[in-house]
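Shown next, in structure tokens, is the structure this report addresses.
The numbers here are math on the coordinates, done by the rules we state, and not lab data. A quick note: this is a predicted structure, and the numbers were derived from the prediction, not measured.
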Amino acid sequence: MAKVVVYSKVPCPYCVHAKRFLTEKGVAFEEIDLTGKPDEIQAIKEKTGWMTVPIILINDQLIGGYNDLKDLDAEGKLDQLLNT
């Protein structure tokens, strides 16, 4: 199974949706809570090039945010990524 990491913060409704979506699919993931950690937020933004949370990585590959995750699933590509 792939390694899934979700960078999130509170408040963030898209973070909640992404975590709920992954949980409902039965996908184990690591959550890294960036609430109140502006230096860490800036560092992960610079590393990934993604400017909003959630920041979702599968096997260290940037997926994007919640909508990107849902789009991959709708296209039938998410399960393939998760099973690598």
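Descriptive notes on the structure:
- Partners of LYS9 within straight-line reach, counting aspartates and glutamates whose Cα lies under 19 Å from its Cα and excluding those fewer than 8 residues away in the same chain: GLU30, GLU31, ASP33, ASP39, GLU40, GLU46, ASP68.
- Across LYS19/LYS70; LYS19/LYS47; LYS25/LYS45, pairs whose alpha-carbon gap is larger than 18 Å: LYS19/LYS47; LYS25/LYS45
- Sequence-distant contacts, meaning Cα pairs under 8 Å at least 6 residues apart, place the relative contact order of the chain at 39 percent.
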